[in-house]
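Each remark here refers to the structure printed beneath this line.
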Amino acid sequence: MKKVTNNGPKVLVFDIETSPILAYVWKIWDENIGLNQIHKDWHILSWSAKWLGDKKVMYDDQRNEKNIDNDKRLLEKIWKLLDEADIVITQNGKSFDVKKLNARFIMNGMQPPSNFKHIDTLRIARKNFAFTSNKLEYMTDKLCTKYKKLTHGKFSGFNLWKQCLLGNMKAWKEMEKYNKYDVLSLEELYTKLIPWDSTIDFNLYHNKLTNTCKCGNTDLTKKGFIFTAVGKYQAYKCKKCGSRFRDRTNLFSKDKRESLKINT
């Protein structure tokens, strides 16, 4: 079990790239692929990750592997990071990145990493906004100022993956930059979206009595009240990012609480 300390949670931002499935097909549109048509299954091509707030961006890929299909070494490194993390941040990672990694973990005889909470920026966007697109490319272009998801350079679209699989080192260099920028732009996007998300209480991850916002700020100001069906609570607002909080103490007296009727 991970210990609660005064340092707060370890938050990992990460992204993976996978190889395509190679299959025998007869047409290029609306094709159903049978299992016996698969020539080569997918595997992990690369991953990039960074600890939230750190400058260092970590990266690894399959470019120097004799057998590019054997991603065990790659998996062991990202597994250690996930095992260490209290919280992970992804874009569409709940449906793709984490499940893809789990599939490769179990197929390589690996145990699951320690439990972690998961913040998915795609889920935050779908729940709270009506953007023209919830893709990382669109949201980072509209919301981020320092890092935006890269468009492909010399190797456009699928050709980047194809050239990496063929051992083109220039393509691998572009893949590394592309993968790292996905993480850098995702981290910045997270800082824009997180005030709108309240699924994880970061204060559970430290022993300090001072409340810390998910953005790291400790300067909160009183901002009205929050009312529930049977209670009234002091509300607060983070002066830095605008996130909202409330006390746990019900401000209604016992007599007031007992006098309340419940709507049916």
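Taking the conditions exactly as written (loosely packed, with under 14 Cβ neighbours inside 10 Å, of a type outside the set (Val, Ile, Thr) and under 29 Å from Arg63 (Cβ atoms)), does Ser114 satisfy them or not? The answer is no for Ser114. Look at Lys148 and say whether it is more than 18 Å from Thr90 (Cβ to Cβ), among the basic types (Lys, Arg) and at pLDDT 90 or above. So Lys148 fails the test.
Of all residues in region 1-37, those satisfying the criterion of being aliphatic (A, V, I, L, M) and under 30 Å from the mean Cα position of the chain (by Cα) are Met1, Val4, Val11, Leu12, Val13, Ile16, Ile21, Leu22. Restricting Gly109, Gly93 to residues that are in the same structural domain as Tyr24 (by TED's automatic domain parsing), on the phi > 0 side of the Ramachandran plot and out of contact with any Leu (no Cβ under 6 Å at 6 or more places or on another chain) narrows the list to Gly109. Checking region 191-202 against the condition returns no match, with no residue being assigned by TED's automatic domain parsing to the domain that holds Phe131, closer than 28 Å to Lys146 by Cβ, at pLDDT 95 or above and touching a strand residue (DSSP E or B) at 6+ places or on another chain (Cβ under 8 Å). With respect to (1) surrounded by 19 or more Cβ atoms within 10 Å (Cβ to Cβ); (2) outside the structural domain of Glu137 (by TED's automatic domain parsing); (3) modelled with pLDDT of 95 or more, the lone exception for Lys232 is condition (1).
If I ask for residues that are in a loop (DSSP other than H, G, I, E, B) and either within 22 Å of the chain's Cα centre (by Cα) or not basic (Lys, Arg) (or both), which ones from region 57-91 would you list? Result: Val57, Gln62, Asn64, Glu65, Asn67, Ile68, Asp69, Asn70, Asp71, Ala85, Asp86, Gln91.
Filtering region 46-56 for residues that are at negative phi, of a type in the set (S, T, N, Q) and either assigned to a loop (DSSP other than H, G, I, E, B) or not assigned by TED's automatic domain parsing to the domain that holds Glu176 (or both) leaves an empty set. In this structure, Asp182 qualifies as in the same structural domain as Lys55 (by TED's automatic domain parsing), at pLDDT 95 or above, in a helix (DSSP H, G or I) and under 21 Å from Ser46 (Cα atoms).
The values are calculated or read from the model by the stated rules, or taken from the named source; none is laboratory data. These numbers were taken from a predicted model, which means no experiment stands behind them. Neighbour counts are summed over all protein chains in view; Cβ atoms, including those assigned to glycine, are modelled from backbone coordinates with ideal geometry.
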